[in-house]
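S.K.: After the structure tokens below, expect a handful of questions from me.
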Amino acid sequence: MQPNTFAPGLKGYPWAAPALDRRQISAQGWNVLAGHLPLPLAVLHRQALHHNLGWMQRHVDEAGIALAPHGKTTLSPELFAAQLQAGAWGITFASVHQLVLGVQQGVQRALIANQVLQAADLLQLHKLRTTQAGLRAPFLLDSMAQLSAIEATAAAHHLAQPFEVLLEWGLAQGRTGCRTEPEALALARAAKASPAVRLVGLSTYEGLWGSGDSAADQALVQGLTQAVHRLALQCDAEGLFEGAEVIISAGGSALFDQVSGALRPTLSRPVLGLLRSGCYLTHDDGHYQRLVHVANRRMGCADGDGLRAALRIWTLVQSCPEPGLVILNAGKRDASTDMGLPTPVAWAPAGARMAQTAPAGWSLSAMNDQHAYLRLADGAPALKVGDRVALGISHPCTTFDKWRWMPVVDEALNVVDAISTLF
């Protein structure tokens, strides 16, 4: 993989700096609090990233399964490479478009955790599989209508190589996936009889329903995985699976600990359990922090030893228009707000080179496209124009897609590396 080039014009990149490739970034001597880079600026903390990479890989190794982290979280080739180097089986994608980008960056094993049925997407996937030796990219199947669309494209274009598919099991009132076992079995039998596909496993998804109530979450996951196990056993008994191993896949970033131990049903052939969690890599200071705090209790893991927030948005105080209100120069164009507003986590006075922990009395009340409203509680330290405030985000996925590059920093906020995104 060739190093990416970073250049002026990228949000947060120094205006006066030359274009640089990744290997040159660390030699520039940039520091976030020294004014070397314009704010707002999204940064990744190297120590937390490395910790999270190793932590999750150890988790799946101990569970006897493998990791196919969801690439849509970051869509970053440098972070894909880091995940694969740490031991991930492959990368999960949400679309053929994302798969193409991943394959261009060297990904050879992937899972498309979504239905594929458009002729253009099927033809592109077929092209990838015939031109990229060794590429695996099974996708999800959940209806006879989808199977008919796949068969129609395969017949119209004389595609000789069948597509690998995972039968998807879903929850009532949820997203995609078969809703009843008779429906799922009928589809699995149809897939077995179809020359257009090969059924290589099963998939489900529990992440959207994580509540933070361990008892309720455990009941939900048990019901879901027990249904998948029954379906897997029946498909195995009828000889509906094809290939040397059966893939059983699940796992968002909220209840991953509860599904990890349920991805290896005993079948007549080897089972490859694939956990798809993606947000673990940078974690967050909001939605996932709350849910993983509960997961840590279940696993007997102290919060400080578990996943750590690695993504921050450094902002500038641009106005103090009235007592108790500070306006920061970052907004919805810079940080996610879909699962809660960002949280002030650190700050530094103008000219200071050392960050301090943000007081408990600071909170965001609103964000516009380019502004954040920081409220200072009575008795909390005041801020001045020119001070800097770091925001921890909630839900990293929709922060990454707002940045084409992010510097990687050490604990002193020195820039030591950089990553790019492909959104």
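The values are calculated or read from the model by the stated rules, or taken from the named source; none is laboratory data. Being a predicted model, the structure only gives us computed values, none of them experimental. All Cβ positions, even for glycine, are placed from backbone atoms using ideal geometry, and neighbour counts span all protein chains on display. All accessible areas refer to the heavy atoms of the entire protein, side chains included, with ligands and DNA or RNA removed. Shrake-Rupley method; radii C 1.70, N 1.55, O 1.52, S 1.80 Å.
S.K.: Rounded, prolate or oblate, given the Cα gyration tensor of the range 58-179, with a/c below 1.5 counting as rounded?
M.R.: Oblate.
S.K.: Right, next: On the protein heavy atoms, probe 1.4 angstrom, tell me the percent of accessible surface of the chain carried by carbon and sulfur.
M.R.: After summing per-atom areas, the C and S share lands at 51 percent.
S.K.: Compute the helix-to-body angle for 181-193: its Cα long axis versus the longest principal axis of the chain, expressed 0 to 90° and rounded to tens.
M.R.: Approximately 70 degrees, to the nearest ten.
S.K.: What is the spin-label model distance, in nm, from Gln104 to Gln28 if the labels are put 7 Å beyond Cα along the C-beta direction?
M.R.: 2.3 nm
S.K.: Relative contact order for the chain using alpha-carbon pairs under 8 Å, separation at least 6, rounded to a whole percent?
M.R.: So the answer I get is 20 percent.
S.K.: Within the range 348-390, which residues have the backbone N less than 18 Å from the label spot 7 Å out from Ser319 along Cα→beta-carbon, could you tell me?
M.R.: Within reach of a label on Ser319: 364-376, 383-389.
S.K.: Quick one: length gained pulling Arg290 to Ser365 fully straight, 0.36 nm per residue minus the C-alpha distance? Write down the numbers at each step before the final one.
M.R.: Numbers: separation 75, 0.36 × 75 = 27.00 nm, distance 1.93 nm.
Difference between extended and current length: 25.1 nm.
S.K.: Please list, in chain and number order, the residues 5+ apart from Ser249 or on another chain whose amide H is under 5 Å from its amide H, with Hs placed from the backbone.
M.R.: Long-range HN contacts for Ser249: Leu202, Ser203, Thr204, Leu274.
S.K.: Now for a separate question. Calculate, axis by axis, the spread of Cα positions in the range 150-192 along the three principal axes, and write the results as whole Å, longest axis first.
M.R.: In descending order, the Cα extents are 37, 20, 15 Å.
S.K.: Enter the accessible area of Ile327 (Å², nearest 10), with the probe set to 1.4 Å and all protein chains included.
M.R.: My reading of the accessible area for Ile327 is about 20 Å².
S.K.: Please work out the Cα convex hull volume for the range 310-397 and give it in Å³ per residue.
M.R.: Expressed per residue, the convex hull around the Cα atoms of the range 310-397 is 89 Å³.
S.K.: Pull up all non-local amide H partners of Leu364: gap of 5 or more, or a different chain, and H-to-H distance under 5 Å with H placed in the peptide plane.
M.R.: Arg375
S.K.: Right, next: Based on Cα coordinates alone, diagonalise the gyration tensor for the chain, multiply each eigenvalue by 5, take square roots, and list the semi-axes in whole Å, largest first.
M.R.: Largest first, the chain gives 42, 24, 18 Å.
S.K.: Using alpha carbon centroids, what distance separates the range 1-36 and the range 394-423, in Å?
M.R.: Answer, in whole Å: 12.
S.K.: Rank-order 282-291, 170-179 by packing density, defined as the average count of other C-beta atoms within 10 Å over each peptide's residues, highest first.
M.R.: Ranked by mean Cβ neighbours within 10 Å, highest first: 282-291, 170-179.
S.K.: Could I ask something else about it? How large is Rg/Rh for the range 49-93, to two decimals, with Cα atoms and a Kirkwood Rh?
M.R.: Radius of gyration over Kirkwood radius for the range 49-93 works out to 0.94.
S.K.: Now for a different question. I'd like to know how the range 274-327 sits against the 2.2 N^0.38 Å rule of thumb: what's its Cα Rg over that expected value?
M.R.: Taking N as the residue count of the range 274-327, the ratio is 1.63.
S.K.: Determine the order of Lys402, Lys384, Lys332 by accessible area, beginning with the largest, at a probe radius of 1.4 Å.
M.R.: Values: Lys402 55, Lys384 145, Lys332 90 Å².
Descending order: Lys384, Lys332, Lys402.
S.K.: Further question on the same structure: From the backbone phi of the range 12-27, what are the Karplus-calculated ³J(HN,Hα) couplings (6.51 cos²θ - 1.76 cosθ + 1.60, θ = phi - 60°) in whole Hz, Gly and Pro given as x?
M.R.: x, 8, x, 5, 8, 7, x, 5, 9, 8, 4, 5, 9, 4, 5, 7
S.K.: Let me have the 222 nm mean residue ellipticity of the chain computed from DSSP H runs of 4+ only, each contributing -39500 (n - 2.57), with the sum over all residues rounded to the nearest 500.
M.R.: Mean residue ellipticity, 222 nm, calculated: -9000 deg cm²/dmol.
S.K.: Regarding the range 186-313, what's the average projected area of the Cα-atom convex hull, expressed in nm²?
M.R.: Averaged projected hull area, Cα only: 9.4 nm².
S.K.: From the phi of every residue in the range 357-371, what ³J(HN,Hα) in whole Hz does the Karplus formula 6.51 cos²θ - 1.76 cosθ + 1.60 yield, where θ is phi - 60° and glycine or proline is x?
M.R.: 5, 5, x, 5, x, 9, 7, 8, 9, 6, 9, 9, 4, 10, 9
S.K.: Next question. Report the local net charge at His283: Lys and Arg +1, Asp and Glu -1, summed over other residues whose C-beta lies under 15 Å from its C-beta.
M.R.: Counting the neighbours of His283, the net charge comes to -1.
S.K.: Rounded to the nearest 10 Å², what accessible area does Arg230 have for a 1.4 Å probe in the complete protein model?
M.R.: 120 Å²
S.K.: Say R0 is 22 Å: what FRET efficiency, to the nearest 0.05, do His158 and Glu238 get from their beta-carbon distance?
M.R.: After rounding to 0.05, the efficiency reads 0.15.
S.K.: Between Arg136 and Arg189, what is the label-point separation in nm under the 7 Å Cα-to-beta-carbon projection?
M.R.: Simple spin-label model gives 2.8 nm for this pair.
S.K.: Please turn the phi angles of the range 233-240 into ³J(HN,Hα) values with the Karplus equation 6.51 cos²θ - 1.76 cosθ + 1.60 (θ = phi - 60°), one per residue in order, whole Hz, x for glycine and proline.
M.R.: 5, 5, 4, 5, 4, 8, x, 7
S.K.: Could you please state, rounded to a whole Å, how far the C-alpha centre of the range 117-177 is from the C-alpha centre of the range 295-309?
M.R.: 38 Å
S.K.: What number comes out for accessible area per residue over the chain if the probe is 1.4 Å? Units Å², please.
M.R.: Spelled out: the 1.4 Å probe surface of the chain, per residue, equals 40 Å².
S.K.: Would the range 178-259 count as rounded, prolate or oblate if I go by the C-alpha gyration tensor, calling it rounded below 1.5 in a/c and otherwise prolate when a/b exceeds b/c, oblate otherwise?
M.R.: It is prolate, given that a/c is not under 1.5 and a/b is the larger ratio.
S.K.: Could the peptides 40-52, 344-356, 133-145 be put in order, highest first, of the mean number of other beta-carbon atoms found within 10 Å of their residues? The partial results should precede the final answer.
M.R.: Numbers: 40-52: 20.0, 344-356: 16.0, 133-145: 18.5.
Descending packing order for the listed peptides: 40-52, 133-145, 344-356.
S.K.: Describe numerically, in nm with one decimal, the distance between label points set 7 Å from Cα along Cα→Cβ at Ala216 and at Ala7.
M.R.: It is 5.2 nm.
S.K.: Right, next: Is the range 1-116 best put as rounded, prolate or oblate by its Cα gyration tensor, with a ≥ b ≥ c the root eigenvalues, rounded for a/c under 1.5, and otherwise prolate when a/b is larger than b/c, oblate when not?
M.R.: Prolate.
S.K.: Another question, then. If one puts a single equal scatterer on every Cα of the range 255-372 and applies the Debye formula without solvent, what log₁₀ I(q)/I(0) results at q = 0.09, 0.13, 0.21 Å⁻¹?
M.R.: Debye curve over Cα of the range 255-372, log10 I(q)/I(0) at q = 0.09, 0.13, 0.21 Å⁻¹: -0.38, -0.67, -1.25.
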